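The values are calculated or read from the model by the stated rules, or taken from the named source; none is laboratory data. Fair warning: this is a prediction, and the values are worked out from it, not measured in the lab. Backbone-built Cβ (ideal geometry, glycine too); neighbour counts: all protein chains shown.
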Amino acid sequence: MRFELQMPSGFEEELRNVVLATVKDAFAEFTENPQTREWMSLKEGADYAGVSFNTFKKFREMGLKVCVIDGVKRVSKAEIDNFLKRNSH
C-alpha cells in the first residue's frame with residue numbers, strides 16, 4: 001500500500017534533514033556511552049555494575065576476570081553480568 005501526500009515546497013527536504021540529524025545524534029549517543037561497549041575501563045565497569053570502585057576491586061578479589069594488556073585493564077560486560085549471576089543468592 002502506498003500513500004502520497006502533498007507537502008508545501010521544501011517541507012520534504014526539511015523533514016528528511018530533521019530525521020537524519022536525529023538518527024545521527026542517537027547513534028553518536030549510543031556509541032559514545034561506555035555502557036554500550038563490550039569492553040570498559042574498571043571505573044566504567046564499576047558504574048555499569050552499579051557499585052563503587054572499591055567494591056568493584058573486591059569483586060576482582062572474588063574472581064571477576066579482568067583483561068590486562070601492557071598495563072591497561074579492561075573488563076567485559078559479559079564478564080560482569082556472569083559474575084553478578086554467579087554470586088547472586
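Regarding residue 72, is this residue closer than 30 Å to residue 5 by Cα, free of Cβ contacts under 8 Å to residues at least 12 places away in the same chain and out of contact with any Leu (no Cβ under 6 Å at 6 or more places or on another chain)?
no
Here the helices (runs of 4 or more DSSP H) wholly within the stretch 1-72 that include at least 1 residues being under 14 Å from the mean Cα position of the chain (by Cα), exposed (fewer than 10 other Cβ atoms within 10 Å of the Cβ) and modelled with pLDDT under 80 are 11-32.
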